[in-house]
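The values are calculated or read from the model by the stated rules, or taken from the named source; none is laboratory data. Just so we're clear, the structure is a prediction, and the values are computed from it rather than from any experiment. Note: ideal-geometry Cβ built from the backbone for every residue, glycine included; neighbour counts use all protein chains shown. All accessible areas refer to the heavy atoms of the entire protein, side chains included, with ligands and DNA or RNA removed. Shrake-Rupley method; radii C 1.70, N 1.55, O 1.52, S 1.80 Å.
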Amino acid sequence: DTGRCDPSSPTAGKRKAAAADFNIGGRDRPTLGAPAGRPSPPGTSTYLTRGEVLVICEVEDVHDPLEAAAELRDCLDSHRGCLLSSSYEYPGRYSEWTLGFSDPPISLECWGRRFRITALNARGRVFLPALGRAIREAPVLNVETNGATNAAMDVIEGVVKEAEGFFPEEERSKQPSIFSLIRTLVELFQSDADAFLGLYGAFGYDLAFQFEPVKLHKERDPDQRDIVLYIPDRLLVINHVAKQAWRMRYDFCFGTGGGQHGVVSTKNLPREGDVQPFTGRNAFPPGVSGREYEPGYFAKMVDKAKEKFARGDLFEAVLSQTFREPCEQPPSVIFKRLQERNPSPYGFLMNLGRDEWLVGASPEMFVRVETDPRGLRVETCPISGTIKRGKDALEDAEHIRKILNDPKEESEITMCTDVDRNDKSRICEHGSVKVLGRRQIEMYSRLIHTVDHVEGYLRPEFDALDAFLCHMWAVTVCGAPKTWAVQFVEEVEKSQRRWYGASVGHVAFDGHLNTGLTLRTVRINDGVAEVRAGATLLFDSVPESEEKETELKASACLNAVTSAAGLAKPADAGDTSKRGSCAGKQVLLIDFEDSFVHTLANYARQTGATVTTVRHTNVALALDRMKTVDLAVLSPGPGCPKDFNVSKHIDALLARKIPIFGVCLGLQSIVEHFGGSLGQLAFPMHGKPSAVELDSKVMRFGPIFEGLPDTFGVARYHSLYARRPLPEVLVATAHIAAGSPGGAGDAASTSGLNGGGADDLPVVMAIQHKTLPVAAVQFHPESILTSPDHGVQMLRNAMRMTYAGR
């Protein structure tokens, strides 16, 4: 059980590592993704999982952690396995640690909804009967080939059923997908006794289509896997900050089931798996070139995106392209170079089998879920805003000043964080979603990024996999509104993204999760190294600059392939003084495929109301099922009202005498429904701040702005606006303040979409029906650029609208 590839072998340590794990000032420190402390004392322990698997764990100190890590790294050139390593520290966010293994007994792979679990050695065959029983008991999983009942086979193959029937958007992450299989495995091995055992590996970009289906346009490689995950039976663990290193070896005992009382065990079975050495090449194979697009083509793709921004179909989009180099050096060498040249919080080397490796130095967290005294805490760190490093610290400072004062870069990260907060709001306790850090600077070898840090606490009915699914994939790699942006990426990019923009990491059997985005990653297959890099695009993007940004982002990874030369304590969740004032109210939130709808729901729940979110295609079903609706909220959305036939829904709501509150697209829909027309701004206001001024003369028509100041700041995400004069039954209750961007001048410079003339008055920012409980705002009350107190107050006020006599 020893040998070169075993990080626990006697050759892996000769020096005694110092151990100093303690709390400062008696306060618990967050793990920052680092492994929990070494099990103490070293020795053998056992525990029983939820699925009645007996796990035997042997823990030993490692005396030379660096040598042990180097041996594991080199081993992965020819043996399956993973090495995860954080070599970047950031206070309150990242720490330095290493975690890895080789020769796992079990792999899980999937292609769309088809899956295969494979025993990779004799120890893996012991797992199959128990895995097969657990899978067969899951109602959404169908087993087609079962090595659990046929000793001649080493695989379990099957398919995940499609989702059926109606479900509210809050339950989308519970619908059948390949993650139903992952949940089954996690439940079988679940135990709070072990923070390390779990599923390790890579998640592919196309998994997003199981959560949010889109129309596929590109041809797919039928052999491209969407998931490769391993269950290890030995681990090397290094906490560099605590100066602790240890190894863990596992054995497993499974009941035989079927009314029998026998037990099968991995004890004394060999741990080694197949050996498949890396084979490099010094030239491209026929038909393969160094870059996916000719120079200049990516800039034309940016122009296509800008057309979408102008119309309001998208606020931002992330397009990417692939660069390639022949790969002579083994993956271990490339990984070592990346660690030396580009320290990052999510470094990884993965041998996925089938002649495929992933080597990465990702700067961005995808989703991290950990338990603290308040519950399951989910956090993310959206990166948006990039500028190159300077030649020295002074030039770095100048570049930082430039990026922080660039309104385009601020808009980028504003939209990313607003979408990220919305992702959390779908599943987190209302009021718990908070921005911990705003436009903070992270510096890497060649790039400077601006980063936000966002947290939330999961509601009791949700877990780490729900958090993973609801963020899939990060807005920083697709765009917003997310569904329409993913569709745009699918239509415009020429090749499938494979692993790019997805994630790598660890799904622990104790319920926590730590994953990084698959960025700054080299995919090695058939001796060719591929690096895919993207750029975040806005209406004010310069096409040529965005193309250069993709080249700059790819350069560090490409250089590692070709050259040996180096280049706190969580706050209380908001003001609770008015919380619960709308208890008992039932709100129907109609989602027009928007990326902020769940933040709206979050805000509404903070009033004490119960919120049901439904897609616009399911409104009739929802109305039939809901006994009472006190308020219907028309969400924002891309495009224009006719794209969703919103007027039909307004008719249904008016017929049932349900008060209506519209946001952005909702306002535009109400104006058109009552006979008004829309215009198009000369410059789209996407993620832009503006000041709104109330019209006190007409406040008697409705309560929306009661308790708010006469002028306040808001966020705007719109290209269309309500043209004056408004329909006779509507009155403008707010407008853009004098001197604020995107005001009267921008509106006046455009012709109306419906053939009307130009406006000379400030752009309408809110409306109220003169006799009906129907109101709307053009801005986004749920954005981080609008005070959360103001946003919640507006929703609280909206719930006061009623029909006369009710």
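Would you please state which residues of segment 489-510 a label at Lys300 would reach in this model, taking the label point 7 Å out along Cα→Cβ and a backbone N cut-off of under 14 Å?
Output list for this probe position: 492-494.
Using a Förster distance of 25 angstrom, determine the FRET efficiency expected from the C-beta separation of Val542 and Met443, and round it to 0.05.
In this case the efficiency is close to 0.60.
Taking Lys648 as the anchor, which lysines have their alpha carbon closer than 17 Å to its alpha carbon, excluding any fewer than eight residues away along the same chain?
Lys657
Could you grab the relative contact order for segment 292-446? Cα pairs under 8 Å, six or more apart, rounded to a whole percent. Walk me through the numbers before you get to the answer.
On the way: 130 pairs, mean separation 24.5, N = 155.
Relative contact order comes out at 16 percent.
In vacuo Debye scattering of the chain, one point per C-alpha: log10 I(q)/I(0) at q = 0.08 Å⁻¹?
Scattering profile of the chain, log10 relative to I(0): -0.70.
At 1.4 Å probe size, with every protein chain present, just tell me what the per residue accessible area of the chain comes to in Å². Can you show the working numbers first?
Values: 29670 Å² over 806 residues.
For the chain, the per-residue accessible area is 37 Å².
Which FRET efficiency, nearest 0.05, do Ile56 and Gln496 yield, Cβ-Cβ r, R0 41 Å?
So, using R0 = 41 Å, E works out to roughly 0.45.
Is segment 318-441 rounded, prolate or oblate when judged by the Cα gyration tensor, a ≥ b ≥ c being the square roots of its eigenvalues, rounded requiring a/c under 1.5 and prolate requiring a/b larger than b/c?
Oblate shape, in that a/c is at least 1.5 and b/c is the bigger or equal ratio.
Exceeding 23 Å between C-alpha atoms, which entries from my cross-link table qualify? They are Lys304/Lys548; Lys308/Lys388; Lys308/Lys434; Lys402/Lys482; Lys336/Lys548; Lys218/Lys388.
Numbers: Lys304/Lys548 17 Å; Lys308/Lys388 28 Å; Lys308/Lys434 30 Å; Lys402/Lys482 28 Å; Lys336/Lys548 26 Å; Lys218/Lys388 33 Å.
With Cα atoms farther than 23 Å apart: Lys308/Lys388; Lys308/Lys434; Lys402/Lys482; Lys336/Lys548; Lys218/Lys388.
Would you calculate a helix-derived [θ] at 222 nm for the chain, using -39,500 (n - 2.57) for each DSSP H run of n ≥ 4 and dividing by the full residue count, to the nearest 500?
On the way: 17 runs with 190 residues, N = 806.
For the chain, the value works out to -7000 deg cm²/dmol.
For the residue pair Glu328 and Leu66, what label-to-label distance in nm results when each label sits 7 Å from Cα along the Cα-to-beta-carbon direction?
Rounded to a tenth, the inter-label distance reads 2.8 nm.
Could you give the distance between the Cα centres of segment 583-635 and segment 499-558, to the whole Å?
The two parts, judged by their Cα centres, are 36 Å apart.
Only Lys, Arg, Asp and Glu count, each charged at its Cβ (+1, +1, -1, -1), so figure out the dipole size of the chain about its Cα centre, rounded to 20 debye. Don't skip to the end; give the middle numbers.
Values: 92 positive and 104 negative charges, 217 e Å.
Roughly 1040 debye for the chain.
What percent does the relative contact order of segment 257-333 come to when contacts are Cα pairs within less than 8 Å and at least six residues apart? Walk me through the intermediate numbers first.
Numbers: 37 pairs, mean separation 34.9, N = 77.
Relative contact order comes out at 45 percent.
Just need the relative contact order of segment 362-493 here, percent rounded to a whole number, with Cα pairs under 8 Å and 6+ apart.
Value for segment 362-493: 31 percent.
Suppose each label sits 7 Å from its Cα in the direction of the beta carbon; what would the Glu461-Leu761 distance come out to in nanometres?
Label at Glu461, label at Leu761, 4.5 nm between them.
Too long at a 31 Å Cα-Cα cut-off: which of Lys300/Lys408; Lys408/Lys697; Lys174/Lys688?
In this structure, Lys408/Lys697; Lys174/Lys688 exceed 31 Å between Cα atoms.
Based on the alpha carbons, how large is the Rg to Rh ratio for segment 607-670 when Rh follows Kirkwood?
Result for segment 607-670 is an Rg/Rh of 0.93.
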